[in-house]
Amino acid sequence: MQTENTFHEALGLSRRDFLKFCAGVAATLGLPAGAAFDIAHAVTNPRRPPVIWLSAQECTGCTESLLRSQHPALDTLILDLISLDYHEALSVPSGHLAEEAKHLSMEENQGKYLLVVDGSIPTKDDGIYCKVANKTMIEHLQEGAKGAAAIVAIGSCAAWGGIPSSGPNPTDAKPVSALIKDKPIVTIPGCPPNPYNFLSTVIYFVTFGKLPELDEKGRPKFAYGRLIHENCERRPHFDAGRFASQFGDAGHRQGWCLYKLGCKGPETYANCPAILFDDAGSGSWPVGTGHPCFGCTEQGVGFTKAIHQLAEVKHVTPPATYASIYEPEGKGASPVGAALAGGVVGAAVGAGAVVLNILSRAKKQKQAEAEAKAAQQKTLQE
Amino acid sequence: MTEQPAAKAERICRLEAFFTEVWQTRMQGLPILHPALHVEAVAFQRWENGWLGVMVAPWFMSLLWLPDELDVPLGRSEDKVIRSLPAGDYEFIVSHEDGIGPYLSCSLCSPMTAFPDHESARATAVAIMDAILQPSVAAVTAAAPAETSSARRFSRRNLLLGRFSTDKT
């Protein structure tokens, strides 16, 4: 228990709050509540999984979103949970020393480390348009993938090509999956991706030693199983036909549905409205601030369609894309199961994030009180 | 539990009329409309001092709860509230409509492309109401990767109440 205490103390959480958080993550992942204990145990294991983070053609937005959270800090959680042995923006050593640290970790942790990639890989002219330490990203990726237990392609660029692959695509930018075929790859698309989804995926990997259930695009179903539109807090406005027709009109000011302004919520799979971004409070996602969803997670939508373009209603909403873990037994992939699951997902999907938000606010208001309470909790439990 | 009054209550008829009007006015010409569907309030029944049922329309299917008390606001519009139903805890969004009053709405489906015709949408709505009012569906029968003994010993309720030892469960 020593390590567990140290861990949650480092996060500024009482043991109880820490377990609440673990229960929230379990709910997000669709696991029974008891799994919270497995998660707590795994997360506090002193043997943290080594992570090598490669940055290809990217803007560091993925890393920024991961670090721009507040107390009790997703970044602390993530950085304490893993051993980040190499990250171009965050590494303490630089230059040759950084490269050396990377190679050392790759040799020592052969077959065990997690390779995280953000950014797309330029492939034109043998990939010379993105080089680090005199090697192309293609080489870095192939080298890193060889000894990796699994690969996390974080952000839309690494997941499906993102901005660099859109438009004229001068560097022939490709996603990780186009170059690596022999390793399990989980994609966490988004621009930026939600750090909570990354955290939950890593926690799942740390707890169970494998990747969570993925859809056909390699996305974790717990996070990308439902359309934005299905979890949106403005859904009753849509249902009742109350739309904003222009930016700044009466409907827009009253917070009505943004579908007519080109909201891509009806064709974009992601859990943004359910878990929001970082812990900035309610409404901290595009639609919450009055801007239509532009489909950043979805290939063929984000960076491809014009913002004002009406969402296309594809006649492919296979209920099979929903996370099977929520489906009532025997109902299989029926629309009933999917719809029911959806409702429950709405409540459960962001549980961990909600816990973090509540804790964060409570902590800011009553820091001293919380500390006293944590001390008291500790005494009680001893 | 699923028995339905022979005729729809006046309140539900008004609800249906409202969404039919929305369909024929504000929604006209939008590509998100499913051409084979129409507006129908399905399986509305009494539930906790109000009406619970599924609203089927060419552009959405939502679980709605309409309270009997029209003057008591349920919260601010767009607020999310959790309501416990036999099948589990569901997240509803607070809404209000003149002539209907305050109501809670839980998104089930939209767009409606998964349904070939109105009958299948209607049958799904009925099945959803049946399932939602049965406790058994609630159990998230997760094929948990690690079915450890701890997974069975602890309930979330106890966990959230801070009861960590087995003897209290």
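Annotations
- Extension gain (nm, one decimal) between B:D98 and B:A17, 0.36 nm per residue minus Cα-Cα: 27.9 nm
- In range of the label at A:V92: residues from region A:40-71 whose backbone nitrogen is under 16 Å from the point 7 Å along Cα→Cβ: A:51
- Which listed pairs, of A:K112/A:K135; A:K260/A:K305; A:K112/A:K210; A:K102/A:K135; A:K174/A:K217; A:K112/A:K146, have C-alpha distances above 19 Å, in listed order: A:K112/A:K135
- Global geometry of region A:30-143, whether rounded, prolate or oblate, following the gyration tensor of its Cα atoms and the 1.5 cut on a/c: prolate
- For A:L84, the residues whose modelled amide H falls within less than 5 Å of its own, excluding neighbours fewer than 5 places apart on the same chain, are A:V51.
- Rounded to whole Hz, the Karplus (6.51, -1.76, 1.60) HN-Hα couplings of region A:219-230, x for glycine and proline: 8, x, 5, 5, 9, 10, x, 10, 6, 3, 3, 7
- In the context of the full protein assembly, A:R16 retains an accessible surface of approximately 70 Å², using a probe radius of 1.4 Å and ignoring ligands and nucleic acids.
- Protein-only accessible surface order, largest first, of B:W47, A:W160 at 1.4 Å: B:W47, A:W160
- Candidate aspartates and glutamates - alpha carbon under 20 Å from A:K131, same-chain residues fewer than 8 apart omitted: A:E58, A:D85, A:E88, A:E99, A:E100, A:D118, A:E139, A:E143, A:D172
- Rg and Dmax [Cα atoms of region A:139-290; Å; Rg one decimal, Dmax integer]: 17.9, 57
- Interface size B-A, as summed buried accessible area [1.4 Å probe, Å², nearest 100]: 4700
- Under 12 Å from A:K221, Cα to Cα: aspartates and glutamates that are on another chain or at least 8 residues apart: A:E213
- Sequence-distant residues sharing a close amide H with B:C109 (under 5 Å, placed H): B:M61
The values are calculated or read from the model by the stated rules, or taken from the named source; none is laboratory data. Bear in mind that the values here come from a model prediction, so they are computed numbers and not experimental data. So basically every Cβ, Gly included, is an ideal-geometry build from the backbone, and we count neighbours across all protein chains shown. Just so you know, the surface numbers come from the protein's heavy atoms only, side chains and all, with ligands and any DNA or RNA stripped out. Shrake-Rupley method; radii C 1.70, N 1.55, O 1.52, S 1.80 Å.
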